[in-house]
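**Q** Take a look at the following structure, please.
The values are calculated or read from the model by the stated rules, or taken from the named source; none is laboratory data. Please read all numbers here as calculations on a predicted model, not as lab measurements. Cβ: placed from backbone, ideal geometry, glycine included. Neighbour counts: every protein chain shown.
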Amino acid sequence: MLRRITTIALATILVFTMSASTVFGCTTIFVGKNKTFDGSVMYAHTEESDNGLDAQHFVYNTAGTYSFIGSQAALSNGGSELAWGVNENQVSISNNIIASVRSGFVNPSGTTAISWHGINRLVLEEATSARHGIELITDRLNNRYYVGSTMYMIADANEGWIIEMLRAGPWVAKRLGDDDIYAMGNNMTIGEIDFSDDGTNWLWSDNVVTYAMDRGWYTPAVPGDFSDFNWKNTYNNANYLNGEWYNLRVREAGRKLNEAADSGGVTVPLFMETMRNNYYGTPLYRVDANGSPLVTFGSAPTGHRMTSTEDTDMQAIVHFRRNMPKEIGTVSWMSLATSTTSPFMPYYLGATEFPVEYQTGVRGTSRMKLAWNSNLDINSAYWTQRNIFGFLHAHYDAAFPIVKSAWNKLEQDAFDNQARIEAEALKIHNSDGAAAASAFLNGYSNSIATSAYSKAVVLLKQLTNQIPLDVEPSAFVTKLNGNKNELAVNVKEVYFNGEEINFNATVIIDNNSVGTYDVGDYKVYVDTKGNTQIRECFIVK
């Protein structure tokens with residue numbers, strides 16, 4: 001006999017509509033405790049929308065029972081779509097639209113539409129665990145339909161759950177445990193269902209099988225025995241089920257993460273590398289006419305795509321560590337636009353504020369995802385990063401190493417400082433409480449985010465030759481009669497396009513002079529020694 005959850009209809013009905021902008025490229029990954037280097041759950045999500053035009057804002061929300069931080073798209077009509085978040089109970093959720101449902105589904109009459117982002121918000125505002133989040137979702141599905149078939153992954157510090165649901169009502173949910181590495185794209189992932197489970201690891205709707213039987217899509221080999229029922233084989237569009245467009249990035253992510261799990265455990269840097277994977281060094285690697293591997297190739301179902309592409313709005317990796325207070329142990333590494341060309345920045349569970357640049361920017365009004373020279377909003381961290389992506393796509397070989405070096409340094413500095421910062425936060429937590437520790441960590445995170453935004457603005461100006469890529473001072477001393485010398489100071493500006501501009505100044509100095517000299521718009525410090533030696537030469541900032 002099929003088992004279902006008995007639900008009670010709630011008084012409040014969430015009424016939303018699905019954005020027409022949604023595309024099929026989101027990726028979500030769960031890594032169980034036995035697969036990570038430190039025994040912690042890890043969880044990641046890549047959000048994709050309409051050509052990367054939905055500017056993402058980092059948000060702190062207190063409207064529900066529980067507060068959360070997250071990322072949401074700013075829409076042109078003034079609304080928003082919550083893409084991902086993690087709440088104060090260490091519950092994180094995101095969704096992937098199912099692109100591969102077979103035809104023939106009909107919405108039941110007399111039902112109310114609920115949006116994918118409305119479900120995200122519901123769980124973040126109300127859930128106390130991943131399992132509780134599933135129960136909240138299935139309660140909303142009772143006697144309602146979902147606009148568009150979709151699936152959610154929910155994680156907390158102990159476990160994960162996925163639920164796959166179809167617009168006509170059938171759904172199935174599965175627990176993810178300590179030994180699981182589970183990646184999902186836009187194909188259904190659940191196959192056979194353990195109908196003998198007592199609800200510990202599996203949940204399903206009462207029509208999960210009968211809906212298919214009533215339409216002739218499934219007939220059990222033995223009447224009344226549904227052990228041969230396969231969810232995805234029954235309800236998926238066969239043309240998409242095996243298509244590389246939806247399966248390649250999921251398969252490759254699983255491969256990389258499982259290899260890491262077998263070699264000491266998945267780490268946060270390795271997870272970042274997985275989210276950025278463009279298959280370099282394998283037969284899967286592709287470049288376009290610009291020499292750029294940053295974009296998708298072809299289209300569904302047989303095209304070629306990565307986890308992080310030109311359509312990516314944001315990415316997040318959540319690290320749920322249980323060996324310290326949750327305000328310190330739960331850290332979300334958040335990235336705007338595609339992390340292939342932008343950095344991951346750490347934000348802790350108790351964050352309540354974000355820099356204004358990360359809450360600025362509106363939806364693009366034209367196809368701007370590859371237009372680095374468009375009139376994009378430089379005051380928006382999202383559009384600044386999107387602009388950098390567009391430039392790198394057009395000048396990949398020359399520009400990508402410059403940007404990669406900058407973000408590698410920012411991320412490495414964050415990793416190098418993490419233990420020290422968290423030790424200080426723990427001291428504050430023990431002496432002054434959780435709120436004080438969270439405020440300290442929030443300030444630290446904001447300093448990294450502000451630095452990343454400032455660096456992005458500089459990079460964009462450097463790459464577009466508005467300012468030099470490098471400035472190199474030099475000095476040369478010529479010995480004169482007596483104790484006098486001639487000091488020639490040069491400053492060379494090197495631009496991305498290869499142009500060099502030199503500024504020069506010559507002064508008469510005493511032997512062993514030390515001084516600061518005006519050279520063009522620069523001030524250059526020079527320390528001389530003896531007759532013609534230079535001890536130090538650098539630009540004074």
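**Q** Being surrounded by 17 or more Cβ atoms within 10 Å (Cβ to Cβ) and of a type outside the set (A, V, I, L, M) is the filter; apply it to region 205-218 and report the residue that is farthest from ARG131 (Cα to Cα).
**A** Going through the qualifying residues, I end up with TYR218.
**Q** Within region 478-520, track down each residue that is closer than 23 Å to GLN462 by Cβ and free of Cβ contacts under 8 Å to residues at least 12 places away in the same chain.
**A** GLY498, GLU500
**Q** Being acidic (Asp, Glu), within 30 Å of TYR358 (Cβ to Cβ) and without any contact (Cβ under 8 Å) to a residue 40 or more places away in the chain is the requirement here; does ASP470 meet it?
**A** Spelling it out, ASP470 is indeed acidic (Asp, Glu), within 30 Å of TYR358 (Cβ to Cβ) and without any contact (Cβ under 8 Å) to a residue 40 or more places away in the chain.
**Q** Quickly run through region 190-218 and pick out the residues that are among the β-branched types (Val, Ile, Thr) and in contact with a helix residue (DSSP H, G or I) (Cβ under 7 Å, 6 or more places away or on another chain).
**A** Those that are among the β-branched types (Val, Ile, Thr) and in contact with a helix residue (DSSP H, G or I) (Cβ under 7 Å, 6 or more places away or on another chain): ILE190, ILE193.
**Q** Collect the residues in region 144-199 that are of a type in the set (Lys, Arg) and either part of a strand (DSSP E or B) or over 24 Å from SER49 (Cα atoms) (or both), keeping them in residue-number order.
**A** ARG144, LYS174, ARG175 - these are the residues of region 144-199 that are of a type in the set (Lys, Arg) and either part of a strand (DSSP E or B) or over 24 Å from SER49 (Cα atoms) (or both).
**Q** Let me ask another. So how many residues does region 261-287 have that are without any contact (Cβ under 8 Å) to a residue 40 or more places away in the chain and not β-branched (Val, Ile, Thr)?
**A** 12
**Q** Pick from GLU422, GLU411: which is in contact (Cβ under 8 Å) with a residue 40 or more places away in the chain and over 30 Å from HIS393 (Cα atoms)?
**A** GLU422
**Q** Name the single residue that is nearest to ASN483 (Cα to Cα) among those in region 509-541 being loosely packed, with under 14 Cβ neighbours inside 10 Å and acidic (Asp, Glu).
**A** Result: ASP510.
**Q** Within region 242-274, work out how many residues are at positive phi and buried (at least 17 other Cβ atoms within 10 Å of the Cβ).
**A** Of the residues in region 242-274, 1 are at positive phi and buried (at least 17 other Cβ atoms within 10 Å of the Cβ).
**Q** Just to verify a result, which residue in region 417-457, among those that are among the small types (Gly, Ala, Ser), surrounded by 17 or more Cβ atoms within 10 Å (Cβ to Cβ) and under 20 Å from the mean Cα position of the chain (by Cα), is farthest from ASN87 (Cα to Cα)?
**A** Here the residue is ALA456.
**Q** Pairs please, first residue from region 47-63 and over 14 Å from ASN120 (Cβ atoms) and modelled with pLDDT under 85, second anywhere and hydroxyl-bearing (Ser, Thr, Tyr) and in a strand (DSSP E or B), Cβ atoms under 9 Å, 6+ apart in sequence or on different chains.
**A** Close Cβ pairs satisfying both conditions: GLY52/THR312.
**Q** Taking region 177-204 as the search range and keeping residues that are among the small types (Gly, Ala, Ser) and under 31 Å from the mean Cα position of the chain (by Cα), which one is surrounded by the fewest Cβ atoms within 10 Å (Cβ to Cβ)?
**A** GLY191
**Q** Looking at this structure, is ASN239 surrounded by fewer than 19 Cβ atoms within 10 Å (Cβ to Cβ), modelled with pLDDT under 95 and either in contact with a Pro (Cβ under 9 Å, 6 or more places away or on another chain) or under 30 Å from ASP416 (Cα atoms) (or both)?
**A** yes
**Q** Might you let me know whether region 391-406 holds any residue that is assigned to a helix (DSSP H, G or I), under 30 Å from SER67 (Cα atoms) and either modelled with pLDDT of 95 or more or in contact with a strand residue (DSSP E or B) (Cβ under 9 Å, 6 or more places away or on another chain) (or both)?
**A** Initial filter on region 391-406 (assigned to a helix (DSSP H, G or I)): 391-394, 396-406.
Then keep just the ones that are under 30 Å from SER67 (Cα atoms); that gives none.
No: zero hits.
**Q** Among the residues of region 277-313, what is the count of those that are in contact with a Leu (Cβ under 8 Å, 6 or more places away or on another chain) and loosely packed, with under 14 Cβ neighbours inside 10 Å?
**A** 0
**Q** Before we move on, is TYR211 within 27 Å of LEU136 (Cα to Cα) and in a helix (DSSP H, G or I)? Step through it out loud before you land on a result.
**A** Numbers: within 27 Å of LEU136 (Cα to Cα): yes; in a helix (DSSP H, G or I): yes.
So TYR211 fits the description; yes.
**Q** Residues of region 59-89 being within 26 Å of GLY25 (Cα to Cα) and aromatic (Phe, Trp, Tyr), which ones?
**A** TYR60, PHE68, TRP84
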